[in-house]
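Notes to accompany the following structure.
The values are calculated or read from the model by the stated rules, or taken from the named source; none is laboratory data. What you see is a predicted model, and the numbers here were worked out from it, not measured in a lab. Every residue, glycine as well, gets a Cβ built from its backbone with ideal geometry; the counts of neighbours run over all protein chains shown. For accessibility, only protein heavy atoms count, side chains too; no ligands or nucleic acids. Shrake-Rupley method; radii C 1.70, N 1.55, O 1.52, S 1.80 Å.
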Amino acid sequence: MKNNIPLKAGGLASVQSTIKHLLKSKRTKNNIKNLLRVNQSDGFDCPGCAWGDNTKGTFQFCENGAKAVAWESTDKKVTPLFFKEYSVTQLMQQGDYWLEYQGRLSQPVRYNKATDHYEAVSWQQAFKIIANKLKNLENPNEVELYTSGRASNEASYLYQLFGRLYGTNNFPDCSNMCHEASGIALNDAIGVAKGTVVLDDFNHASAIFVWGQNPGTNHPRMMNALRSAAKGGCKIVTFNNLKEVALDKFASPQNPKELLTSASTQISHKYFTPKLGGDFSAARGIAKVIIEEYADKINTDFIAKHASQFDAYTDVVKATPWNEIEEQSGLSQAELQQAALVFKDSERVISTWAMGITQHKNSVDTIREITNLHLLCGQIGKTGAGLSPVRGHSNVQGNRTMGINEKPTHAFIDRLNKHLGTQIPTLGGHNVNAAIKALHSKQSKVIICLGGNIAAAAPDSNFVFQALKNSELNVQISTKLNRSHLLVGDDALILPCLGRTELDLQKTGPQKITVEDTFSMVHASHGMSTPASNDCRSETDIVASIAHNTLPEGRIDWLELRDDYSKIRDLIAQTIDGFENYNQKIAEPHGFHLANNATNLIWKTASNKANFNPVHLPKYIIPEKIVAKIAEQKEQVFILQSLRSHDQFNTTIYGLDDRYRGIKNDRKIIFINSLDAQKNDLAEGELVEVQSLWDDGIVRLIDGYKLVFYEIPQGNLAAYYPETNPLVPLDSYGDKSFTPTSKSIPVCLRKSKQVHINIKNM
Ligand SMILES: Nc1nc2c(c(=O)[nH]1)N[C@H]1C(S)=C(S)[C@@H](COP(=O)(O)OP(=O)(O)OC[C@H]3O[C@@H](n4cnc5c(=O)[nH]c(N)nc54)[C@H](O)[C@@H]3O)O[C@H]1N2
Ligand SMILES: Nc1nc2c(c(=O)[nH]1)N[C@H]1C(S)=C(S)[C@@H](COP(=O)(O)OP(=O)(O)OC[C@H]3O[C@@H](n4cnc5c(=O)[nH]c(N)nc54)[C@H](O)[C@@H]3O)O[C@H]1N2
Ligand SMILES: [Mo]
């Protein structure tokens, strides 16, 4: 396996893979046309990740964006005939890959419990079924309104408005499993829940610290920014549990020499491989070096003017012993010293991070510690410096800005009430964790999902499956068939919607939608290709129609908004800060930037300052209640992280290769350090079962996984998400964030009695 790991990422292999996936879509010509419109000012926003773009005229898509576009624009269709052929029980036996590979959902269908099949239903009937159910609930908090981060600003604004006018703040969303910790940490530290940099800052940084992120796969367009920064002499310092090849050497597919020869660009100046969950102590180590050895590099002017709690912070840093830092981070003092030298000597530093930082028990404090470092040296609020959580879904940040939030601020609700003359509840609603529990206990009766695949994305699969099955009505607004459609109770609807690439034609003509990228740039997106079916409706239309049928008497004319999305934007302009003249502003080719107070050194925190976080390192990187249980185990307990392969977008599996890690045609694998395998009498290629440890007596186990030797710190393992979700207990979540601890799951390995059955390649 090791031999298959490429020496560089990107390059020709990336172009070849793009072509392979275009051909597989069976709609190659259309998709090439589509790709030329990705992220162009008159085209559509890439439905992949949330990275921004600012150059005109060049190709603005990457290999994985091309996969996302090709996957959406396929000629294969799921029709009522398909549902006649397969019962829901039969479909449940198929893998996630097979389900989505059946093609685009093309007509609304309703579950018939008596026959166990989905059957065609008209849109009107579907809306009436939803409206009747909602009107008859005893309490509006008996509905859960889930959102995945692909929904546009227009659709998500209407969705939250509808939910709130109906009477609930139950807005579980994919963010709860993703960057929630970033929002909480940044809000407490600097008074904004978003990153403080824009794309152009990457051109000015003298150092970029990349924490717990794999951009070569998940944000490939970020590689262009890292590559040109590295070429310009910027020092990139990586902290990653694994050696990710793209963060070592990257070849731009747009550079002829790097495309066609073995040439590449060295990305990381330094590459550190901390233990899982070890970044808090790694960042603490860097701070300790600076505070204790290079006090002259502390930006005392910045701190005096802008920060609070500095003295308390320096006290805890000085009191943190090196042995604790080394033990928890798995990095030596000498290594952290090297990282500290780069940080303190760089005039402008950006830190970026993603799931390797946010999906742990101590994620909020880890992000606070990264922020502490930036405050210490005044590395925020100036060109080329700042904090950059790199968001996942293409519009997940926009969803939050539009009010998809189970804990809306009073100011947000007051503004809606004032403008609309309504009485919206301020009581906090359910996040993903609470929503699943409420459905499981039947306290909640209806779940509506605006995209996504909560069944496969959420932790503790068995529990989540049962929670969905306990629903009285499960409504899924989706483009492709997935697990969440098959976990049905009494009644269920699948409502097929348009994808980002498709023409959205309403009464007043073709509509554009708007999205916000990770740099808070808001811009328009115009779908142009022919819809997968005449019976697909836009998400905005579906949400407006549900609202119109459920709340016909209210003050909002939902159908008027549906007919002309610029009217939704007018409403947004009147009720959400920063969106004044929204319709005019998105006429600009790259849209507009939402002002960020922290970037302008304005601190909207309780102290009116940027806050240091003076806390000690955690005692454990896993929940305390299982520490004793782990100590009792006779077998070695590993910490497992679940991550993405190169051929997937979250629960959507495009293919079975993970090229940059040397894996071909397999997903049921566990990456392990060869020394750990030896210690446990396990061989490469051997099959294992993996059992996680928790305190509730429930056996959480996956079986038949093949061991792959890999460069990974001893005691740590890695395996793919979503297959590993049965191992993550619902109540193993991050402090304050409730984000599942998907990157630190304590597990034991045993030899398997199973034979290895991989999913079939298609
Ligand atoms: N163990 C583990 N679990 C994790 C993670 C992890 O790292 N490890 N990561 C977490 C993270 S970061 C996230 S964001 C969540 C993701 O959770 P989700 O956002 O819920 O999941 P996705 O897999 O992105 O959703 C895929 C489905 O969305 C639908 N879809 C695709 N495009 C569209 C569209 O344009 N409109 C609509 N309406 N539907 C569409 C398709 O039907 C497809 O099947 O998973 C989380 N779960
Ligand atoms: N092609 C593609 N693009 C995507 C997605 C996709 O599935 N496919 N998903 C989208 C979404 S919703 C999201 S949130 C992002 C996710 O983007 P990433 O966060 O890059 O996704 P993961 O695969 O979860 O990778 C986590 C990385 O962190 C490292 N890591 C894990 N734990 C630790 C740790 O404790 N410390 C450190 N230092 N490193 C650690 C892992 O080795 C891995 O390199 O990507 C978005 N873009
Ligand atoms: Mo995400």
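Per residue, the chain exposes 36 Å² of accessible surface when a 1.4 Å probe is rolled over the protein heavy atoms with every protein chain present. Peptides 253-266, 349-362, 714-727, 271-284 ranked from most to least packed give 349-362, 271-284, 714-727, 253-266, packing being the mean of other C-beta atoms within 10 angstrom over each peptide's residues. Counting only residues at least eight positions apart within a chain, or on another chain, the aspartates and glutamates with an alpha carbon under 18 Å from that of Lys76 are Glu85, Asp96, Glu100, Glu502, Asp535. For the chain, the Cα-based Rg and Dmax, in that order, read 24.9, 75 Å. Quantify how much of the Cα-Cα distance distribution of segment 321-394 extends past 17 Å, in percent. The proportion of pairs with Cα distances above 17 Å equals 54 percent. I'd like the distance separating the alpha-carbon centroids of segment 642-718 and segment 596-624, in whole Å. Using only Cα atoms, the two centres lie 34 Å from each other. Dividing the alpha-carbon radius of gyration of segment 47-154 by the rule-of-thumb value 2.2 N^0.38 Å gives 1.43.
Ordering of 312-320, 625-633 by packing is 312-320, 625-633, highest average first (other Cβ atoms within 10 Å, averaged per residue). Straight-line cross-link reach from Lys619 at under 17 Å between alpha-carbon atoms covers these aspartates and glutamates, not counting any fewer than eight positions away in the same chain: Asp279, Glu324, Glu326, Glu327, Asp365, Glu369, Asp735. Under the combined filter of DSSP loop state and at most 11 neighbouring Cβ atoms within 10 Å, segment 156-242 retains none of its chymotrypsin sites (Phe, Trp or Tyr not before Pro). Where the alpha-carbon atoms of segment 624-751 are placed on the principal axes, they occupy 39, 35, 23 Å, in descending order. Placing unit charges on the Cβ atoms of the charged side chains and taking the dipole of segment 624-751 about its Cα centre, the candidate lying farthest along the positive direction among Leu749, Tyr710, Ile653 is Ile653. Dipole size of the chain about its Cα centre, with +1 on Lys/Arg Cβ and -1 on Asp/Glu Cβ: approximately 1360 debye, rounded to the nearest 20. Of the solvent-accessible surface of the chain, computed with a 1.4 Å probe over protein heavy atoms with every protein chain present, carbon and sulfur atoms account for 50 percent.
Take every DSSP beta bridge whose two residues both sit in the chain; close to 40 percent of them are antiparallel.
About its Cα centre, the dipole of segment 180-390 is roughly 660 debye, where the only charges are +1 on Lys and Arg Cβ and -1 on Asp and Glu Cβ.
Considering only Thr314, Leu336, Leu559, the residue lying farthest towards the positive end of the dipole of the chain is Leu559, judged by Cα position with unit charges set on Cβ.
Pairs over the 29 Å Cα-Cα cut-off, from the set Lys437/Lys507; Lys77/Lys194; Lys361/Lys437: Lys437/Lys507; Lys77/Lys194. Note on segment 251-302 and segment 192-226: Cα centroid distance 12 Å, given to the nearest whole angstrom.
Bridging of Lys257 to lysines at a Cα separation below 16 Å is possible for Lys8, Lys231, Lys249, once same-chain residues fewer than 8 apart are set aside. Against the empirical curve 2.2 N^0.38 Å, the C-alpha radius of gyration of segment 180-390 lands at a ratio of 0.98. Taking every alpha-carbon pair under 8 Å whose residues sit at least 6 apart, the chain reaches a relative contact order of 20 percent. DSSP assigns beta bridges within segment 180-390; of those with both partners inside it, close to 10 percent run antiparallel. Each of Gln254, Gln125, Ile291 was scored by the projection of its Cα onto the charge dipole of the chain, and the greatest displacement toward the positive side belongs to Gln254; charges sit on the C-beta of Lys, Arg, Asp and Glu.
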